[in-house]
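Have a look at the structure below before the remarks.
The values are calculated or read from the model by the stated rules, or taken from the named source; none is laboratory data. Model, not experiment: these values are computed from the prediction. Quick reminder, even Gly has a Cβ in these numbers, built from the backbone with ideal geometry, and neighbours come from all protein chains shown.
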Amino acid sequence: MNFSNSAAGADQLSSQTDVPTSPAGASQMPRYGAEPERVPAISKAQAGGHCVTRRTAMNIAISSAALAGAQPAALADEMDDAKLLAMKERISTLYEKAHEHDEEIGRLHEITYNALREQNLPWEQVKIMPESLERDRLVRLSNPFHDEIEALVKQMWTIPASSSAAKAAKVWVLLHCVMGFDWLETESAIEWDIGLARELFFELAGLEKAPELRSEFADLEA
């Protein structure tokens, strides 16, 4: 095929006078869909000191997230401490009821013990003595309070204490309901090693509550 022969009148259609000329600088104008020119970045000073960089935005986001997470955690600590204080008050009430008959139980036990060991009475006879029966009755009255105390103590030790008051509550329960009567002696009467351990408990409770705990075991003034 010969491309040299143009159709008739083709030279008139392609005449230069029919082709519109491009305006000046047309090569610099963006085509439709082309990427526009980048807007020059402005400095922080040009923005009046309010320019937020990507790093600044990230720091703000991290700080906000940390603050949002800290608030529920602090609220949870307060709720746990409130539970511990309430349980300590309940245990304190139960403690009084559980030991309400201790003196009488001790007196009756002494009678039955003497009958068994010093009078050499047989156990079958001792256990039906009025003193023995009354002692057993008082012990049965006290047992439910001891059982509830034990359950509350186990529950308390699953809850961490945050405040000094909550820590002191756990120390009080530990000394009165777990460690035994030899931990409740006054400062001058307590065994040396037990006294050291007890003093450490007071320190761990915090300076705010340590004096209050310690005052319970202070020696009585003459």
Open item on the list: For segment 163-222: of the residues being part of a helix (DSSP H, G or I) and either at positive phi or hydroxyl-bearing (S, T, Y) (or both), which is nearest to the chain's Cα centre (by Cα)?
Closed with: S164
Open item on the list: Looking only at residues that are in contact with a Lys or Arg (Cβ under 8 Å, 6 or more places away or on another chain) and of a type in the set (A, V, I, L, M) in segment 96-119, which one is farthest from S132 (Cα to Cα)?
Closed with: I105
Task: Residue list for segment 127-140, filter: surrounded by fewer than 14 Cβ atoms within 10 Å (Cβ to Cβ) and either touching a helix residue (DSSP H, G or I) at 6+ places or on another chain (Cβ under 6 Å) or of a type in the set (A, V, I, L, M) (or both) - done: I128, L133
Task: Criterion violated by S163 - all others in (1) crowded, with 16+ Cβ neighbours inside 10 Å; (2) among the small types (G, A, S); (3) modelled with pLDDT of 95 or more satisfied - done: (3)
Open item on the list: What's the total number of residues in segment 75-126 that are surrounded by 13 or more Cβ atoms within 10 Å (Cβ to Cβ), without any contact (Cβ under 8 Å) to a residue 12 or more places away in the chain and not in a helix (DSSP H, G or I)?
Closed with: 1
